[in-house]
Every structure is written in structure tokens, then in C-alpha cells.
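Please treat every number below as a calculation from the coordinates, not as lab data. Predicted model only: the values in this text are computed from it and were never measured. Cβ atoms come from the backbone with ideal geometry, glycine included; neighbour counts cover every protein chain shown.
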Amino acid sequence: MTDKPIITLENVKKVYDDETVLHDINFELEKGKFYTLLGPSGCGKTTILRLIAGFADATEGIIKINGETVNDIPANRRKVNTVFQDYALFPHMNVFDNIAFGLTIKKMPKDQVKLKVEEALKMVQLEGYENREISEMSGGQQQRVAIARAIVNEPDVLLLDEPLSALDLKLRTDMQYELRELQQRLGITFIFVTHDQEEALAMSDWIFVMNKGAIVQSGTPVDIYDEPIDRFVADFIGESNIVPGTMVEDYKVSFVGKEFECSDAGITPGEKIEIVIRPEDLELTTVENGKLVVNIDTQLFRGVHYEIIGYDKDGNEWMIHSTKRAEIGKDVGLHFGPQDIHVMRLGESEEEFDARLESYEE
Ligand SMILES: Nc1ncnc2c1ncn2[C@@H]1O[C@H](COP(=O)(O)OP(=O)(O)OP(=O)(O)O)[C@@H](O)[C@H]1O
């Protein structure tokens, strides 16, 4: 990283009552990137945002904004702004007053406030909506007002806590494009919280996958999708086929009683591993041409593809996404290439994971 990180968390821990909700969080964020915290409900995503914003204090550890330790700096003096899930707009004020609120309390001269609000409205494509009441705006428009209210303060960092979760699917997808585009246009750092993996993959430069108060993997969307570090990430980030296997040697694995070429190396020969193959990487073919043979059990039409489930001779379940139909009860061959096989080191069991988290307490 050439520039100073815009946000740094060092050994950050948060305890509420007796419960540790964040364990030893460490990261450095670069300026101008779109970061996402992704994980199931209750894993601590919002708590990280609250610590950065200054709405809660870290129990241990250091939080820096632009290289400066901010643990003792109040929320209103940090150059970050938050867009909340429910937007937190003032329902009795019109659009202009909602956006101008922060500037007015800072006692900015009126003509300057007007200019800034107009500029912010233009950014979110709501020019001319100054006098509308909040109750007269659609969900998507309220969302944009909330963003305008945050960016009018020219923050270095914008924190977004599930800002799209109240929108219907179509609008949500539109807003994903808009937010991504806005982030690139403004060039400020976004930290976006979601439990929706597709949203995270579509929007982010970099994703932190969280589970039970810890970051379990971080990387680009492609890295995380293609090389999930363990079963939790593989399951959480998309549909996967996961079957037990063994590393034979570099670039060779065995599973379902056969050896296959793969693209992984550096794992001890003989090590037990798990094999991940995405449903869209499996191709239906004839039994003779198949690298594996499965018996087709169910088939659902999903619009763009059929979702087909079959079982191999060892009883492993295989999900296949295919534009071709299969015939229930029949054997078919599956084709896949070496690059479609992803090798996962045997992850910790749930119990081992919990024990490791507890060891942080000692
Ligand atoms: N003020 C609080 N007092 C006590 N416990 C809290 C408080 N805020 C959060 N928690 C607990 O901390 C844990 C993490 O909560 P957090 O809101 O950060 O999760 P999240 O990943 O954002 O979840 P969601 O997606 O459901 O919002 C949860 O177990 C929650 O109950």
C-alpha cells in the first residue's frame, strides 16, 4: 500500500455484557475502494461499523482513521458518515432540510448550504426534489436521500449498513449498480454491510467474510468465490458441491475412487482434503464421456437453467446447473476440467472453531 490506510483496526475486540461479539479484528483499508463485510445475522458486521463511526467503544484494540488513533474521538468529529438500514430520515422535514441538517448545525452560511445540497442531490439523481416531503418519496428515492445526506458532509469514508435490504429485488439490483457507480465517481471509501453474498460479489473490490465475530476469509470477490478457505465460506458464498478427497501429489487429487488432474499444489501427498466444484462448472455428458457418473434424482427449472441433483456411487450429492434437461432415474456422465476442481484443506469443525475463538479469551 503506497498511501496511508484510510481505516486501520488493530486487535479490536468488543464485549457486550459477558458476550464477546468481536474477536481480534485486524485490517487495513485503502482509500477509494469498495469494501464489504459479509456474514450471517449476528456475526458482528454492524458492530464493526459502529466502532468505526464512534457509536460504540472498542473493549480492546486500536482504531485509526487516516493514520490517527480515534478511540477517544467522538463520533461527530470523525470524518465518516453512516447510511442506516432504515435510512433514519426525519419524516417531518422535506428533502432539502434532511440533507442540509448536518451542515446547518455546523452553522454553514445558507447560500453555501444550498449549493452543497444541490450538488448532493445531483450526485444521487434527485435534482428538483428539494421540497418533497419524505413520505411522498418511494423506498428507492428515500434511500438516495439518505445517501445524499451522508455525502453532503464530504466524509472520507461512507459506512453503509444493509442499505438495500428494504427494497424489492428489481430496485435493489438497480441500486447496486448506482451505488457502485457513485462510489467510483466520488472516489471515497465505502464499507458496506450485507448478508447477501450475490450483492457482495457484485459490488465489492474486497470482501471480508465473517462468522461468529471473526473474519474467516478476505479477498477479491473472484478469490473468495473460486478459492473458499473452508466449508463455511464455500457454503455461504454460493451453491457448492463438496466431497471428501485425498491429495495424491501436486496437481493431482482423488475422490469418488478416481484420480483427477487439478490446479492445486503445495499440499502434502496423502493429506485428506475436501473438493469443491461449483454447479455451473459441471457439464452433462454421456456415461462413457463422463469423468464421474451420477444417477439423476431431481430436476427443477430455474428460468436460466435447470437445477439438477444426482448421486454418485459413493452416495455424494451433486448439484448441476445446466441449460440441458436430464432424465430422472437415469445415469449421466459429468464433465469438468482441472481448473474447476478447488481443493479445500480440511477446515476446522464447528467445535474446533468455537474452541479457537475461546482461546482468544485466555
Ligand atoms: N448494544 C448491544 N448490547 C448487547 N449486545 C449487542 C449489542 N449490539 C449488538 N449486540 C450483539 O452482538 C452480536 C453482533 O451483532 P451485530 O449487530 O454486529 O451483528 P450483524 O452481523 O450486524 O447482524 P445483522 O445482520 O443481524 O444486523 C449479536 O449477538 C448481538 O446480539
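Shown here for segment 197-298: chymotrypsin sites (Phe, Trp or Tyr not before Pro) in loop regions (DSSP other than H, G, I, E, B) with at most 16 other Cβ atoms within 10 Å, namely Y251.
Spacing of the modelled spin labels on Q299 and E280, each 7 Å from Cα toward Cβ, amounts to 2.2 nm. The alpha carbons of segment 174-233 occupy a box of 35, 23, 18 Å along the principal axes, longest dimension given first. Applying the Kirkwood pairwise sum to the alpha-carbon positions of segment 205-362 produces a hydrodynamic radius of 16.9 angstrom. Here segment 1-67 is treated as an ellipsoid with the same Cα gyration tensor; its semi-axes, largest first and in whole Å, are 22, 14, 10.
Over the chain, the Kirkwood radius and the radius of gyration, each from Cα atoms, give a ratio Rg/Rh of 1.05. Modelled spin-label separation between D235 and E358, with each label point placed 7 Å from Cα along the Cα-to-Cβ direction: 2.1 nm. Multiplying the residue separation of L346 and E198 by 0.36 nm and subtracting their alpha-carbon distance yields 50.8 nm. Result for the chain in a Gaussian network model with C-alpha springs under 10 Å: among A214, A200, A88, the largest mean-square fluctuation is at A88. Taking amide hydrogens as placed 1.01 Å from N in the peptide plane, the amide H of E271 sits under 5 Å from those of M247, each at least 5 positions away in sequence or on another chain. Per the Kirkwood formula applied to alpha carbons, segment 180-278 shows a radius of gyration over Rh ratio, Rg over Rh, of 1.08. With both labels modelled 7 Å from their Cα along Cα-to-Cβ, the E30 to I328 distance reads 5.1 nm.
Neighbours of W206 by Cβ distance under 13 Å: Lys/Arg scored +1, Asp/Glu scored -1, total -2.
Listed by chain and number, the lysines whose C-alpha is less than 20 Å from the C-alpha of K4, apart from same-chain residues fewer than 8 away, are K31, K33, K64, K79.
Cα-based values for segment 37-97, radius of gyration first and Dmax second, are 14.1, 41 Å. Cβ crowding within 10 Å, taken as a proxy for footprinting-reagent exposure, orders M93, M344 from fewest neighbours to most as M93, M344.
With 0.36 nm allotted per residue and the present C-alpha distance subtracted, the E133-D168 stretch has 10.4 nm of extension available. Please state, rounded to one decimal and in Å, the Kirkwood hydrodynamic radius that segment 266-349 gives when every pair of distinct Cα atoms enters the mean of 1/r. Over segment 266-349, the inverse of the mean reciprocal pair distance is 13.7 Å. Here the ratio of the Cα radius of gyration of segment 262-301 to 2.2 N^0.38 Å is 1.60. Here is what passes the span test in the chain: the DSSP H helices with alpha carbon length of 15 Å or more along the helix axis and a Kyte-Doolittle mean of -0.5 or above are 95-105, 139-151. Annotation for segment 115-194 versus segment 35-91: alpha-carbon center distance of 18 Å.
Placing a label point 7 Å from the Cα of H92 along the Cα-to-Cβ line, the residues of segment 114-133 whose backbone N sits under 20 Å from it are 131-133. When the chain is treated as a GNM, springs tying every alpha-carbon pair under 10 Å, which of L126, L292, L115 comes out with the largest mean-square fluctuation? Comparing L126, L292, L115 in the GNM, the peak value goes to L115.
Percent antiparallel among DSSP beta bridges with both residues in the chain, to the nearest 5? Expressed as a percentage, antiparallel bridges in the chain total about 75. Take 35-42, 63-70 and order them by the average number of nearby Cβ atoms within 10 Å per residue, most first; the result is 35-42, 63-70.
With the gyration tensor restricted to C-alpha atoms of segment 121-234, the semi-axes of the equivalent ellipsoid amount to 30, 15, 12 Å, longest first. Comparing D18, D86, D340 in a Gaussian network model of the chain, where Cα atoms under 10 Å apart are tied by springs, the biggest mean-square fluctuation is seen for D18.
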